[in-house]
1. Any residue at all in the range A:242-262 that's surrounded by fewer than 17 Cβ atoms within 10 Å (Cβ to Cβ), in a loop (DSSP other than H, G, I, E, B) and at negative phi?
2. Residue by residue through the range B:343-366, note down the ones that are within 24 Å of the chain's Cα centre (by Cα) and outside any helix (DSSP H, G or I).
3. Would you confirm whether or not the range B:368-384 contains a residue that is on the phi < 0 side of the Ramachandran plot, in contact with a Pro (Cβ under 6 Å, 6 or more places away or on another chain) and of a type in the set (Gly, Ala, Ser)?
4. Among the residues of the range B:209-238, what is the count of those that are within 14 Å of chain A (Cβ to nearest Cβ) and assigned to a helix (DSSP H, G or I)?
5. Looking at the range B:130-145, I want the residues that are more than 14 Å from residue B:242 (Cβ to Cβ) and have a partner that is among the basic types (Lys, Arg) with Cβ atoms under 7 Å, at least 6 apart or on another chain. Which pairs are those?
6. Looking at A:97, A:88, can you tell me which residue is in contact (Cβ under 8 Å) with a residue 40 or more places away in the chain, more than 10 Å from every other protein chain (Cβ to nearest Cβ) and touching a Leu at 6+ places or on another chain (Cβ under 6 Å)?
7. From (1) part of a strand (DSSP E or B); (2) buried (at least 20 other Cβ atoms within 10 Å of the Cβ), pick out the condition that doesn't hold for residue B:106.
8. What number goes with the only condition from (1) in a strand (DSSP E or B); (2) crowded, with 18+ Cβ neighbours inside 10 Å; (3) out of contact with any Lys or Arg (no Cβ under 9 Å at 6 or more places or on another chain); (4) not hydroxyl-bearing (Ser, Thr, Tyr) that residue A:90 does not pass?
Amino acid sequence: MSEIYDVIIVGGGPAGLTAALAAQQNGAKKILVLERDREPGGILQQCVHNGFGLHHFKEELTGPGYAQRCYDLVKDLPEVEIFVDTMVLEVRKDKTVCAINPKRGVMELRGKSIILTMGCRERTRGAIRIPGTRPAGVYTAGAAQRMVNMEGYIPGKKIVILGSGDIGLIMARRMSLEGCKVQAVLEICPFSNGLTRNIVQCLNDYDIPLHLSHTIVAIHGKDRVTGITVAKVDDKMRSIPGTEFEIDCDTVLLSVGLIPENELSNGLGLAMHPLTSGPIVDQRRETSEPGIFAAGNVVHVHDLVDFVSDEAEIAGKFAAKAALGEDSKASHDLAVTTGENIRTCVPQHLRLGSEAEKVRLFMRVTRPMRGKLKLKVMSGDEEVFSKPLMIAKPSEMIAVDLPEAKIGALSADLVVSLEEGK
Amino acid sequence: MERKTDVVVIGGGITGTAILAALARLDLSCVLAEKEPDIAAGTTKANSAILHAGFDAPTGSMKAKMNVEGNRLYHELQNELNLNIEWTGSLVCATTEEEEAQIKELKARGEANGVLGLEIWDGGKVREKEPNLSSAIRSALWAPTAGICWPFGMAAAFAENAVENGAEILRDCEVTGIRFADGKGFAVETTQGAIHAKYVVNAAGVFADKIAAMAGDTSFSIHPRKGEYILFDKTAQDKLVKGIVFPAPTKTTKGILVCATTHGNTFIGPNAQDQDSREDTAVTTPGMDEIIAGAKKLVPELPMGAAITQFAGIRAVSDTNDFIVGESKTVKGLYHAAGIQSPGLTSAPAIAKLLAEEIAKVSGAKSKANVKTGRPAQPVFRELPAEEQAALIAKDARYGRVICRCETITEGEIVDAIKRPCGARTVDGVKRRTRAGMGRCQGGFCGPRVIEILSRELDIPVPKVRKDGADSYMYEEKLGGGRK
């Protein structure tokens, strides 16, 4: 019969590695991390730029540096085992994990707790239905990033990037540094979807034009991309006839959104949230299935890996406690719902007992806002928390710690909103 | 390099490969010339993937005969060649009185064509079978012998079996001219040198009239007709259909349908756009709007968020609107399989049988002494029970490494696809043989890994790895010096 692990973690990126550390620190004795790539570290391995770790490690690291730091913290721990080159095919409700790798073959592993940290994937050309031909030269920004930074090849020489998300912006700079010409970055929204610092450091510093409210209406070329047709879009994001123009390019990189990778969660039948596309979790990051936790981009796509780690610490801690039978019983369940100007908020509910508990909320707003803003968390008529903000953007996650002392006494559902100043 | 053979087949689509497989079973030497880097690269890769029952074409037409016979032959070939076919049956839906009269006509025509089991179902029974269909559907024609299939897999199966029986397949081999050699036979000029042959089979799809003209036969022309499609993720099937659902047909097409695939995806399309270009397979916004609107008449609530890709194919419509199958009226030894639009996929084995019989008759060729049936076993990891998966990994560790996570395709399967007879040489070739890259991430994760495996197994540098077409190179050496 197979061994029973305290905690099995699906995915060895920053979320999985941080969760493993937190599980160990909270008393779990047998922890297994399953990673499908050749090395742990996840997508950070290809993110060779800096800007990671300012919050979590209080210093600026590169992506591989951050991944290494996460790995170094667990690699010598006798409680933590990592299987790389390992694909999880199924997670069952009885907490059996079916996985394969070339060395061990087909494995059936049992865990007392499971943490899902599978991360996210990129939205594709097909998902956004870009018209035109289907030649070589159209790649998701992440796939091209792997080829450039890990395999050592460039996707082409004359580049257009669709989508001003962070990966798109980072790739604009990366391709410029490789000597390629980045012709333009196109953004269908009237605002950029990347961090402000990336607009400045990746586009402005390299004189790369950003066309807001523009999109690709046709890709040209039979075998290889030879150019694209671009048009302005109206406020419903439909292209406006007569505004078309051509851009000469041999490569189109797509940075058009990230989607939590939840095939295993769906297989498990977890309750999912339609807007985050991730499992519904409570403040301990426990899903609708007892003993199965989730953290990081698989729950909702974060902007900073630091927040991924923060969330993984929570999941790791409570997964360990659940495995050891130390989890406190919840006496009531409160919903956390989104009010004015808030698109998503995680966790979606709180399962509270008598003791005080730390509750951290992550949220994204519906539209860019500026001025005197007030973020408010209400429980019935009671204001649990509020905070003034000057600026809010859909691309930037807002993290809020609710005051511990107030949590135990809450009895009404929470509503999170962002008010504009009068 | 000059080659000498009995028969040259021009074109490596489903028709050409099926013909090659049939000819290779005779004691004839055969060479197939395909201009693209891989077989199944034209119409075969972008169509509705349906094995039609055979009620559409006019009774007595070549299309009707080949369709019904081809459908029957696939039922026989399915096991032998391990073809991916599901006999789902098909529905043709009527929403008006005129359309109800029309499907009754189709039923009568089908019966005259020799199609078995046709029935008219009322709307209730139709929606019992396919619950997402529109309440406006009054009745439908049910054809139990129709099925869905995996066209690339079938072309690969024919090609592999042909190679097993001694045929040679030349890819990246474009025919540039056809000469008549001194005395008898042809010299087919290609980008890989001349091929001398006694017989030439023209299965060149949308270019069939150009090939015919090279040999001096200008008796027909081909009119390209584009059809666009939208493919949905597997998760969307519950909201769409499990089988094949047509609207009532128009004069030119069977209409925009909603249809399942053999791997649990679903698609909508095609429209029908006559055009001059034989190669323009661009998807257009009006085209997509048209197929969405068309499909909504059958399934009112389309899960557009689950769309994973769009594509277009070109049907090769002849000016007779029927298949042109048999020896050229003007050039002896030249055999046509031309104008093969729908139901060409269904008809391929029947066309192959007919042409092989004709060529056997004139050449006096007999069946080979040791005809090989079937093709080499091809493990599909995700479909195996756990014990067999374990045994496969124990035998070859590469089956324990998943490369395509959306479709659970292992390195072992990808290497096998490359190493098989007439194996994959491009990223799309791997995709069409194994489904790696066909899932919801569309190769976002596995693309770089597949490129690496192709580079290693074909012993070519990464910048020489192609996506699909002749010049579809994907990545380049970095500027200012290659990889150290």
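The values are calculated or read from the model by the stated rules, or taken from the named source; none is laboratory data. Just so it is clear, the structure is predicted and the values come from calculations on it, not from any experiment. In this analysis, Cβ positions are derived from the backbone assuming ideal geometry, glycine residues included, and neighbour counts consider all displayed protein chains.
1. Checked against the condition, which is being surrounded by fewer than 17 Cβ atoms within 10 Å (Cβ to Cβ), in a loop (DSSP other than H, G, I, E, B) and at negative phi, the range A:242-262 yields at least one hit.
2. Answer for the range B:343-366, where residues must be within 24 Å of the chain's Cα centre (by Cα) and outside any helix (DSSP H, G or I): just B:343.
3. no
4. Here the count works out to 5.
5. Within 7 Å, the pairs are B:134/B:297; B:141/B:107.
6. When all the criteria are applied, what remains is A:97.
7. (1)
8. (2)
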